[in-house]
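Data first, discussion second: the structure below is written as structure tokens.
The values are calculated or read from the model by the stated rules, or taken from the named source; none is laboratory data. Given the structure is predicted, the values throughout are model-derived calculations rather than measurements. Cβ placement follows ideal geometry from the backbone for every residue including glycine, while neighbour counts extend to all protein chains displayed.
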Amino acid sequence: MYRILACDLDGTLFRDDKTISEQTIKQLKRISDMGVIILPSTGRTHKELPTLLKDLPFLRYALCCNGGSVYDYLENRYIYEETIPYDTALEVLDFVKTLPVYETVVVNGERIVKGDRNHEICDYIRHVAVKGILFNMEGAADVKEAFALRHQDAQKFLLYPAEGADKEKAMNDLRSAFPQLEVSSSGPMFIEVNIKGVDKGKALKDFCRLLQIPIEECIAFGDAENDISMLKAAGKAIVMENGTSETKKYADIICPSNNDDGIRKMIEVLW
């Protein structure tokens, strides 16, 4: 019996319109009542889980920032966190000014993004960002300057390639300049940066150790390349039909798409 259900959000649990069907919520509650831990696993911060998820009475934990943290909503604290050191983050913010990207840095669950001194987000980011997280963004004319005032480690960077930019080249430039960092992508308009070794798979393993649950008793759902480490770590890996061809290479099962209630249908089969 699987005791943890770890699932990516965008493109996996969420339909394309960022909703979850009532039938899926009903099935999640059913297996939660059986003792299964529902673990949203996302690049979002703990403050950015939609209300429709955070308000579910059976949801306690979330794996956030692509594996950079696990948050406990019951105790209102991180139970696991690995960050990018402050000095390294300052160097990254200098370096990305040479790349065709718009920079975002995450500190304590909040995003500082390219914008203006009135804290307005630049129009490009407003256009391409996931609309449900815009409330958690503070615009800054100089992101490095605003970050320096916090004087805290960075949880992650989210970079938005400019229109027409070569995203893969930007990612490779980052990898070459900062071998101590993990550079990945969860979609065509995003580059995500964590400390090296941090990914959803490592965070899932550490979460299982904290709860003393064998990783083999975890089932993971995903659709994109940043889910691969989690899929490889889990006892069973399920990839959505809408997932990328690269991600599907790591699937034990290909399930129906996110728009076709794939997770609900698999729950009905497996539990």
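Would you check which residues across the range 228-253 are among the hydrophobic types (A, V, I, L, M, F, W, C), closer than 14 Å to TYR2 by Cα and in contact (Cβ under 8 Å) with a residue 40 or more places away in the chain and list them?
Hit for the range 228-253 is ALA234, nothing else.
Does the range 130-144 hold any residues that are under 17 Å from ASP10 (Cβ atoms), surrounded by fewer than 15 Cβ atoms within 10 Å (Cβ to Cβ) and either in contact (Cβ under 8 Å) with a residue 12 or more places away in the chain or in contact with an Asp or Glu (Cβ under 7 Å, 6 or more places away or on another chain) (or both), and which are they?
The answer is LYS131, LEU134.
Can you tell me how many residues within the range 48-58 are surrounded by 13 or more Cβ atoms within 10 Å (Cβ to Cβ) and either part of a loop (DSSP other than H, G, I, E, B) or in contact with a Gly (Cβ under 9 Å, 6 or more places away or on another chain) (or both)?
So the count comes out to 5.
In the range 228-271, which residues are within 18 Å of PHE14 (Cβ to Cβ), assigned to a loop (DSSP other than H, G, I, E, B) and charged (D, E, K, R)?
Scanning the range 228-271 gives GLU241, ASP261.
Working only within the range 59-72, note down all residues that are within 26 Å of GLU268 (Cβ to Cβ) and part of a loop (DSSP other than H, G, I, E, B).
LEU59, ARG60 - these are the residues of the range 59-72 that are within 26 Å of GLU268 (Cβ to Cβ) and part of a loop (DSSP other than H, G, I, E, B).
Tell me which residues, restricted to the range 22-47, are in contact with a strand residue (DSSP E or B) (Cβ under 8 Å, 6 or more places away or on another chain) and either small (Gly, Ala, Ser) or not in a strand (DSSP E or B) (or both).
Correct list: LEU28, ILE31, SER32, VAL36, SER41, THR42, GLY43, ARG44, THR45, HIS46, LYS47.
Check MET189 against each of (1) aliphatic (A, V, I, L, M); (2) touching a Pro at 6+ places or on another chain (Cβ under 9 Å); (3) modelled with pLDDT of 90 or more and name the one condition it does not meet.
(3)
Would you mind stating whether GLY197 is under 16 Å from SER69 (Cβ atoms), modelled with pLDDT of 95 or more and of a type outside the set (Asp, Glu)?
No: the conditions fail for GLY197.
I'd like the full set of residues that are part of a strand (DSSP E or B) and loosely packed, with under 15 Cβ neighbours inside 10 Å, limited to the range 73-111.
Residues satisfying the conditions are ARG77, ILE79.
Check whether at least one residue in the range 114-122 is modelled with pLDDT of 95 or more and in a loop (DSSP other than H, G, I, E, B), and report yes or no.
Looking through the range 114-122, none of the residues is modelled with pLDDT of 95 or more and in a loop (DSSP other than H, G, I, E, B).
Counting only residues that are of a type in the set (D, E, K, R) and in contact with a helix residue (DSSP H, G or I) (Cβ under 8 Å, 6 or more places away or on another chain), how many does the range 237-271 have?
Here the count works out to 5.
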